[in-house]
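Everything on this sheet refers to the single structure shown next.
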């Protein structure tokens, strides 16, 4: 029996879901990419072993950021690029969560609320970092947007990795006094006030036009009356593992194939962790349509940047700021071995043959995607 996959659920259940509820063009596009990933629909390569002569097919990947088959290599590449920015200091993992009562607003205005979340979180942390009573300088931050919980319900939160210190106006380094960065209750109150204020201004500017004007003030008052959640903990492991730590979040998607236990064509068994029960592993059963409905809640607007850098880690100034900070810390300069290795990498020598295990699979032809008017594509000689 084939292993269950999101691709199989898309093929079997997307039509039924579309008959039951509207699907946006963006969601259709993502489903089309996932359904076609590593199949003849995208074309590929015809290979042949130079030892035993065994042929093999290798189809192209869709490379959609929502596809569970296409994120591992992207995550590894992202981590490789970020390691040069790691400083020899304690890092802090800070998570800012939007209240679930805003889920309805996120449904109709996702891009606007996600943008306000990034803006408010950075405004909150940078304000605390610049406070003369705290760090009195400029913070750095890398932030990653997640929109889901373990059971795929909407749960919008921002994972932030913050070096434990700030760059002073004179280029000096102001370290955090301990593994404690900022008080989470104070962060939560500042975050709440800043986000509600930005929501109000956005509504007044007409950027939330799909909301009922009569409910906006009522909702904003309700948001100010409840406690918001901010979580913070230091990453006490070796600094070299910090990027790998955030890399687990940077390209993670709402659902991986490894979490699917079984799919019988109609219903799916899904693994999840119940954090209200000590993070115990559990399973739940959903219809294929319900699984797809929940998955599609987390399709991001096209072109939306879900990983962002701020402060002295911002792309426009990190090349200038990081050497200054390393000099202030008396730390060695960033290693450039990875960049050199990339330029000196050995040429590709084929894939190992799974049949004879001694030969190499060589490309002998490229396969074009099937054309709709002809129903198939002919191999193009390499």
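Nothing in this text is a laboratory measurement; each read-out follows from the coordinates by a stated rule. Small disclaimer: the values here were computed from a predicted structure and weren't measured. As a convention, Cβ positions derive from the backbone with ideal geometry for all residues, glycine included, and neighbour counts pool all protein chains shown.
By the gyration tensor of its Cα atoms, with a ≥ b ≥ c the square roots of the eigenvalues, what is the shape of region 248-309: rounded for a/c under 1.5, prolate for a/b over b/c, or oblate?
Because a/c hits 1.5 or more and a/b fails to exceed b/c, region 248-309 counts as oblate.
What is the Rg over Rh value, at two decimals, for region 180-291, using alpha-carbon atoms and the Kirkwood definition of Rh?
When Rh is taken as the Kirkwood radius, the ratio is 1.09.
Cα axis of helix 6-20 to longest principal axis of the chain: angle in degrees, 0 to 90, nearest 10?
So the helix axis and the longest Cα principal axis differ by about 70 degrees.
Evaluate E = 1/(1 + (r/R0)^6) for residue 224 and residue 258, where r is the Cβ-Cβ distance and R0 equals 45 Å; express this FRET efficiency to the nearest 0.05.
0.65
Report D for region 129-178 in µm² per second (integer): Stokes-Einstein, Kirkwood Rh on Cα pairs, 10 °C, 1.306 mPa s.
Approximately 126 µm²/s, per Stokes-Einstein.
Starting from the Cα gyration tensor of the chain, take the square roots of the eigenvalues, sort them a ≥ b ≥ c, and report rounded, prolate or oblate (rounded when a/c is under 1.5, otherwise prolate if a/b is larger than b/c, else oblate).
oblate
Kindly express, to the nearest 10 degrees and within the range 0 to 90, the angle between helix 72-82's C-alpha long axis and the longest C-alpha principal axis of the chain.
Between helix and principal axis, roughly 40 degrees.
For region 32-185, what does the alpha-carbon gyration tensor say about shape, rounded, prolate or oblate, given a ≥ b ≥ c as the root eigenvalues, a/c under 1.5 as rounded, and a/b over b/c as prolate?
oblate
Using alpha carbon centroids, what distance separates region 106-162 and region 206-263, in Å?
8 Å
What is the gain in length, in nm to one decimal, between residue 136 and residue 19 on full extension, counting 0.36 nm per residue of separation less the C-alpha to C-alpha distance?
So the extension gain works out to 36.4 nm.
Beyond 24 Å, what share of the Cα-Cα pairs of region 5-105 is found? Please give it as a whole percent.
Summing the P(r) of region 5-105 above 24 Å gives 54 percent of all pairs.
Tilt of helix 184-204 relative to the longest C-alpha principal axis of the chain, in degrees (0 to 90, nearest 10)?
It works out to around 80 degrees.
For region 233-336, what is the relative contact order in percent, using Cα pairs closer than 8 Å and at least 6 residues apart in sequence?
The normalised contact order for region 233-336 reaches 13 percent.
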